[in-house]
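The structure appears right after this line, and notes come after that.
We did not get these values from a lab; they are worked out from the coordinates using the rules stated. From a predicted model like this one, the values you see are computed outputs, not experimental measurements. Please note: Cβ atoms are built from the backbone with ideal geometry, for glycine as well, and neighbour counts cover all protein chains shown.
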């Protein structure tokens, strides 16, 4: 790999779920050998492992641990379920700290048996309630707005404006926003809200992939950058103009790509990152 | 049927596509016999028919013709395709006039080979260009914002705010907005934008159905009101508070319901309308 290539992928991070068939040890080894510098870890990848030792393994592979995915699912009509969600989120914060990740990404949840307004209020209350635990553990909490097609059960936070508004009202250095192109690319106010997110100091993470044509599954048919219609380069330029200097995280759930040879797929991810991000 | 029932469904309109297995003559007969007062006609239902005679048939069944669905698909990178779309939309306006429908609903289109901004500009230009033809034919044009999950190919107009902004800029008595709960239910600014739409005189149509849990197909898995999580009654109350006094149009694409006995399904539609709308 020449120095230009080294530079090209110096801010590339890959989520463990992107190469789901690999366990975290395999992912670390392959990512590192390919020159990838960042990894975001999904909690299921930590199952049955010593979290501190796994974090050390990632560092030993010269990988920056960018985030732990994911906390959230705060919205429940049932109070007991809300309490259980808070327990689980405190546990996730502890896991992030143990792993050595600086940030927990939040998929905030929605409960279709109540109004979106109620779900949104419960989310904001929950994030506020987590701040003391997060600040003590030095873990940032990134609110990720999810595509409106997930407003039924996955997230009542569906636009950058909502996430920005919420982060602004919460007003804590430990709470910000994760921008994922898959969820927000369609939004006519995207450029404006990314700028606002950066100016307010809330822009904490940037996730990339693509929207395939056609999309055959609402959850597990994401594409590699360039396989669809999202203007990833343009959105990245807005994110960088807003002052973001962190990793560009490739987060792809794809039943189709998970069937590929993962070593070949990793090379495709890197190529797509260089050419279409 | 007692008088209370008559009153309950006096503003119920059903789209021909909702009972797709029926041809328009069967739909007219069954709707009328069930006491339904309004019908919106999809263009495919007119294939091979004399449009004026079909319009008269609907009137003979005591049905109000609420709208023709659908024009649009204006956005194309290719200029020739844009011209063909304009021809087709003028034809659709003529069909609406021939049928006796006062309104053409617009699914505005999107071309994933260009930016959403370009698609949006082409849509606005096209609607402006159609106004002389529409006003001469006395046909209203209703811009329907579509769910963001259709921003790839079906519509670059994805929120009520966008539709309101566009109708406001176009500023013609012949151009307004069609509100479909399926597309906009998730939007945190929905109540505000419905109010704005009514105040500006642009609220031209109201479509209802439900968002199923889970939704297994992005296009053809809509539910009857009450089968999902959309607060249809609440949204209807906002629409009525905004001054809308037109029909409540049941527009359901459902591979599943199209397999039902359509006479039984029609009774389910009416029951769902009475109980959950």
Could you give the length gained by full extension between residue A:77 and residue A:44, i.e. 0.36 nm per residue of separation minus their alpha carbon distance, to one decimal place? 9.3 nm
Between the range B:87-134 and the range B:179-194, what is the separation of their alpha carbon centroids in Å? 22 Å
Using the Kirkwood radius over C-alpha pairs as Rh, can you work out the diffusion coefficient of the protein assembly as shown via Stokes-Einstein at 37 °C, viscosity 0.692 mPa s, in µm² per second? 131 µm²/s
Output, in nm with one decimal and in ascending order, the distances from the residue B:261 label point to the matching label points of the other copies (7 Å from Cα along Cα-to-Cβ). 5.7
Could you tell me the center-to-center distance, by alpha carbons, between the range B:160-174 and the range A:32-79 in angstrom? 47 Å
Estimated 222 nm signal from helices in the protein assembly as shown, with DSSP H stretches of n ≥ 4 weighted -39500 (n - 2.57), rounded to 500: -13500 deg cm²/dmol
What nm distance separates the two modelled labels at residue B:53 and residue A:171, each placed 7 Å from Cα along Cα→Cβ? 7.2 nm
Of B:149, B:225, B:103, which has the largest mean-square fluctuation in a 10 Å C-alpha GNM of chain B? B:149
Förster-model FRET efficiency, 56 Å R0, residue A:263 and residue B:260, C-beta, rounded to 0.05: 0.70
What is the distance, in nm, between label points placed 7 Å from the Cα along the Cα-to-Cβ direction at residue A:33 and at residue A:271? 1.9 nm
Shielding of A:146-159 by partner chains, average beta-carbon count, 10 Å: 4
